[in-house]
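Structure first, commentary second.
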Amino acid sequence: MVDTVLCAGEVFNYTAPAGYTSYEWSHGPQTASISLPDTGTYTLVARHPCEDASTQLRLTYAPPLAVVLADLPVIPLGERIRLQPQISSGVPVVWQWSPAEGLSCTDCPQPWLMPLQSEDYQLQVQDQ
């Protein structure tokens, strides 16, 4: 079985190996190449005079990425606090904090924040 994880709205394209006389998908089409826009398990039977072959494809959607950053207290100038966002679903691979001023890093999950002036900070995350 071939397991494939799709991003929301993504279409999975599959082409079966050449050399068979016919192709039969479990959901009806009879083509070697197919586009599958929905999740589910699909079975392909490829017919050949000597021996048939079959394969299964299981498509699932990746969970949506959701990160929550709790409201922060007012931080007196010169003091520091660690920013600790909570991941409620998905797996972030890219972290981008802005603006950079006052942060120990802009591309890490939990930077230290030591503001030198009043500022609003933002976090953008991205998964695969």
How much accessible surface area, in Å² rounded to 10, belongs to the heavy atoms of residue 52 with a 1.4 Å probe? 70 Å²
As an exercise, take the mean of 1/r over every pair of distinct alpha carbons in the chain, invert it, and state the Kirkwood radius in angstroms. 18.6 Å
Counting only protein heavy atoms and using a 1.4 Å probe, what share of the accessible area of region 1-115 belongs to carbon plus sulfur, as a whole percent? 54 percent
If I measure Cβ to Cβ between cysteines in the chain, which ones have no partner under 4.7 Å? 7, 50
Running a GNM on the chain with Cα contacts under 10 Å, which residue among 11, 91, 74 ends up with the highest mean-square fluctuation? 74
At 1.4 Å probe radius, can you tell me the per residue accessible area of region 1-62 in Å²? 62 Å²
Using Cα-Cα distances under 8 Å and only pairs 6 or more residues apart, what relative contact order does the chain have, in percent? 20 percent
Accessible surface, 1.4 Å probe, highest first, among residues 95, 112: 112, 95
Name the most mobile residue of 99, 49, 115, meaning the one with the largest mean-square fluctuation, in a Gaussian network model of the chain with Cα contacts below 10 Å. 49
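The values are calculated or read from the model by the stated rules, or taken from the named source; none is laboratory data. Quick caveat, the model's predicted, so the values are computed rather than measured. No Cβ is skipped: glycine too gets one built from the backbone with ideal geometry, and neighbour counts run over all protein chains shown. Areas reflect the complete protein model, heavy atoms only, side chains present, ligands, DNA and RNA absent. Shrake-Rupley method; radii C 1.70, N 1.55, O 1.52, S 1.80 Å.
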